[in-house]
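The values are calculated or read from the model by the stated rules, or taken from the named source; none is laboratory data. What you are looking at is a predicted structure, and each value in this text was computed from that prediction instead of being measured. Cβ coordinates were reconstructed from backbone atoms using ideal geometry, including for glycine residues, and neighbour counts include every protein chain displayed. Surface accessibility is based on the protein's heavy atoms, side chains included, excluding ligands, DNA and RNA. Shrake-Rupley method; radii C 1.70, N 1.55, O 1.52, S 1.80 Å.
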Amino acid sequence: MTTPTTSRATGPVPVAIAGAGPVGLATALGLARAGVRSIVMEKKARLDPHSRATVILPRTLEIFRQWDVLDPLLERGNRVPHVRLREPDDDHQILHIDFTKLVDDTAAMFALAIPQDRTERVLVDAVEATGLVDVRFDTEVLAVEQDSAGVRLRSRTGGTDRSETVDYLVAADGARSTIRGEIGVELVGRTYPTRAMLADVRIAPELDRTDEWPTLLAHRGIVVGIRFGDRVWRIIEQAADETLDGPAVHDHIVALAEELFGAGPVEVIWHSVYRKHERRAPRFRYGRVLLAGDAAHLNSPAGGQGMNSGIQDAHNLAWKLAAAVRDPGAHADALLESYSEERTSLVGRFVQPMTDVLERFQTARPHRRIVLTRALEAFVGMGRSSGTLTRRFSMLDVRYGPSRLLSGHGVGRRVPDAVTDDGRRLYGAMPSGAILWAGEENAAKALASSLGLPAVHADLAALTRFFDREEYVALVRPDHIVGAVADPATLEHEQFAAAMGR
Ligand SMILES: Cc1cc2nc3c(=O)[nH]c(=O)nc-3n(C[C@H](O)[C@H](O)[C@H](O)COP(=O)(O)OP(=O)(O)OC[C@H]3O[C@@H](n4cnc5c(N)ncnc54)[C@H](O)[C@@H]3O)c2cc1C
């Protein structure tokens, strides 16, 4: 017999999350910020101590700012305003991404180089501080069954098995997801022929002299150094030599470090050889089970988009799941189905093609790279606008296709975090969504009041360009996505309510 789960607070806990990786923890944090309790079950006894994903991109930094967890990450990471790939001591650059040019679009005009274990530490501390999340380490989810009333879980802590029932289960249990196996879902796609070699090294103080990313081009695949700070660097070799073994691997890492940074003592702190995939589940929702992060899709680390896109899954999901928990009526289905529709199409149309071009570019022999540079340019449309590559790489260029919540012209796009007339940022005025308006105010205010959202006057040139009109009323969802937009004279309340899943 199973019992509903209770946590420190009284009453049943509606959501269980399998996995305390960055995506499970981000989902718990997003739910807690919306006032919803959850349990996080993690099979390891403690957080994983390894550095793994290295870079948090601007779009993810915006999300962390919204969830009030950005400052501790900034304290522990190294800001990267530019990514310039070029050989040491060579002025010719093959790729330049200048995040400072994003000033009209985001407050996060940089990426953050930070080891994944530090990111997870900050997230788990934030999650526990909410008092709404019960994080259980050493707890493995073993079996899952669902019906229209709920999800029954069997888990094991130490040697003790336990069964409990929740309304929803988020499978954030990584690439080898137990839950995906339990519900009979496989990731579809391919595995790349090369493996990446990742190594964290500590170098001599006199060689630790730049925040730019030195690059070696004359290799089997590109080799890049990324600075974490305090003399510690990540070396990524996109096409590792798999014939190397034992001490030869150590010697190879030291040789790469000397080529990247100059001759001097090198301490190899950690290294790993990493199989790269491009795979995803056909859907991210199966009844009351939601897949997120690596459990839902795997990407090559070449674009640095793996962990980032998983956290962005959590951002799309958290407000919808919170709304479904609060009002389990007819609209819950549309909310959760829209998560699957929006994220599968975005991962398939943007994240994976971008990552694939970057993967091929970074693993190509030098003479092929010129051809692949053109493919990269064609994909991101650099000919149309020099900022497009930077926006795509930053993951700010979010454009969802149609879903149960999104229909009509001009919806599904991330609204820019524009600078307001008083020098602040727009997102600060709408921590969980808003009605934005310019022009006639009465219709916007009545709509905002009926939806329980703030009405934000935003008569800004950046938004006039974005909405392509002088007067507008727009619904911005809690995940910064335009849900509906209309002229003040013709807006229909039902259309706006439906875009919030009401
Ligand atoms: C060696 C290595 C290097 C990487 N380098 C990069 C990189 O440079 N750039 C990049 O973008 N990405 C990189 N990645 C990928 C990145 O780490 C993942 O994309 C990211 O961790 C995904 O987060 P997640 O929360 O979805 O899954 P995970 O981080 O895998 O977390 C899943 C968690 O679920 C737990 N779990 C599994 N099964 C169960 C169960 N049955 N019950 C309870 N808990 C369970 C696991 O213990 C784990 O803690 C790397 C990964 C590895 C392994």
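Descriptive notes on the structure:
- Length added when fully stretched, D422-D48, from 0.36 nm per residue minus Cα-Cα: 130.3 nm
- When shorter helices are ignored and each DSSP H run of at least 4 residues is given -39500 (n - 2.57), the per-residue value for the chain at 222 nm works out to -9500 deg cm²/dmol.
- Spherically averaged projected area in nm², based on the convex hull that wraps the Cα atoms of the chain: 24.3
- Computed lengthening from A429 to R154, 0.36 nm per intervening residue step minus Cα-Cα distance: 94.7 nm
- As a rough guide to protection, the peptides 329-340, 483-494, 429-440 ranked by mean Cβ packing within 10 Å, highest first, stand as 429-440, 329-340, 483-494.
- Each Lys and Arg adds +1 at its Cβ and each Asp and Glu adds -1 at its Cβ; summed about the Cα centre, region 426-499 shows a dipole of about 240 debye.
- Added length on full extension, which subtracts the Cα-Cα distance from 0.36 nm per residue, F137 to R84: 15.1 nm
- Packing order of peptides 46-54, 161-169, highest average first: 161-169, 46-54 (average count of other Cβ atoms within 10 Å over each peptide's residues).
- Taking packing as the residue-averaged number of other Cβ atoms within 10 angstrom, the listed peptides 394-401, 454-461, 108-115 run from highest to lowest as 108-115, 394-401, 454-461.
- Karplus-based coupling profile of region 305-314, in residue order and whole Hz: 9, x, 5, 4, 5, x, 5, 6, 4, 4, with θ = phi - 60° in 6.51 cos²θ - 1.76 cosθ + 1.60 and x standing for Gly or Pro.
- The modelled label-to-label distance between D161 and E186, using points 7 Å beyond Cα along the C-beta direction, is 2.8 nm.
- The residues of the chain present an accessible area of 41 Å² per residue when probed at 1.4 Å with all protein chains retained.
- Label-to-label distance for A330 and S345 is 2.3 nm, based on points extended 7 Å past Cα in the beta-carbon direction.
- Kirkwood hydrodynamic radius over Cα pairs of region 426-499, then Stokes diffusion coefficient at 20 °C and 1.002 mPa s, in µm²/s: 180
- Heavy-atom accessible area for S38, with the other protein chains in place and a 1.4 Å probe, reaches approximately 0 Å².
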